[in-house]
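Below: the structure, in structure tokens.
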Amino acid sequence: MTDAKAHRNIVNAKLLLEDAMPHGNFDQIRSLVTSDAPIRRAGFADLYALTGDDIPQHGNFVEWLEAGWKVLSAALTEQTSETASIVGDGDTVVLQFHMTALHTGTFAGAAATGKRVEWDEVGVLQFNEEGLITSLWFMCQELSLAQQIGYKPQMASR
């Protein structure tokens, strides 16, 4: 893959994560991601499962937008995303980004706090020859986020 294609993939990854997703621009998201792209989500989905409010951890990305992202973005409004580190090689882009949001709705069983919360995530995105995202995997700091919205971690006794 040429440097130009790797650069294009990096630009598209940043466009998805810094603009389209934080602003809920589903048309733009669909223009960047293939309709059959799978998503694998760890962190938020695990936090939801732990608290009994399941959202999909994997499946079709477009379907996840409807079932998962809308729930998250309704509870975590005024989102911002800033890429801290990004590397593109071949058809793969790996990035670490910092998210902030205002906790204005029930999130993972926790009532709105009105606080600004923040967390880091890592994403691995695969691209096709046309520069569309064909696969997405994300992992976030769910423990840090859970503490910010009021959960108190407890260590299990050994």
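The values are calculated or read from the model by the stated rules, or taken from the named source; none is laboratory data. In this text the structure is predicted, and so the values were computed from the model without any measurement. Cβ sites come from the backbone with ideal geometry, for glycine too, and all protein chains shown count toward neighbours. All accessible areas refer to the heavy atoms of the entire protein, side chains included, with ligands and DNA or RNA removed. Shrake-Rupley method; radii C 1.70, N 1.55, O 1.52, S 1.80 Å.
Being open to solvent by 80 Å² or more (accessible area, probe 1.4 Å) and among the small types (G, A, S) is the filter here, so list the residues in segment 118-158 that pass it. Selection gives A156, S157. Could you list all residues from segment 124-141 that are in contact with a strand residue (DSSP E or B) (Cβ under 8 Å, 6 or more places away or on another chain) and either among the acidic types (D, E) or modelled with pLDDT of 95 or more (or both)? Selection gives V124, L125, Q126, F127, N128, L132, I133, T134, S135. Note on segment 79-96: among residues that are touching a strand residue (DSSP E or B) at 6+ places or on another chain (Cβ under 7 Å), within 16 Å of L17 (Cβ to Cβ) and not β-branched (V, I, T), the one that is surrounded by the most Cβ atoms within 10 Å (Cβ to Cβ) is L95.
Applying the selection to segment 1-33, what residues are within 24 Å of W119 (Cα to Cα), surrounded by fewer than 16 Cβ atoms within 10 Å (Cβ to Cβ) and of a type in the set (G, A, S)? Hit for segment 1-33 is G24, nothing else.
For A42, the conditions (1) of a type in the set (A, V, I, L, M, F, W, C); (2) touching a strand residue (DSSP E or B) at 6+ places or on another chain (Cβ under 8 Å); (3) modelled with pLDDT of 80 or more; (4) open to solvent by less than 30 Å² (accessible area, probe 1.4 Å) all hold with the exception of (3).
Among the residues of segment 118-134, those that are more than 15 Å from R30 (Cβ to Cβ), more than 13 Å from the chain's Cα centre (by Cα) and not in a loop (DSSP other than H, G, I, E, B) comprise Q126, F127.
All of (1) surrounded by fewer than 17 Cβ atoms within 10 Å (Cβ to Cβ); (2) assigned to a strand (DSSP E or B); (3) aliphatic (A, V, I, L, M) hold for M99 with one exception: (1). Restricting to segment 108-117, and then to whatever is part of a loop (DSSP other than H, G, I, E, B) and without any contact (Cβ under 8 Å) to a residue 40 or more places away in the chain, can you tell me which residue is most open to solvent (accessible area, probe 1.4 Å)? Once the filter is applied, the top-ranked residue is K115. Considering only residues in segment 65-94 that are among the charged types (D, E, K, R) and assigned to a strand (DSSP E or B), the one that is nearest to E121 (Cα to Cα) turns out to be E82. Tally time: how many residues in segment 70-81 are farther than 15 Å from Q141 by Cβ and either in contact (Cβ under 8 Å) with a residue 60 or more places away in the chain or among the polar types (S, T, N, Q) (or both)? So the count comes out to 4.
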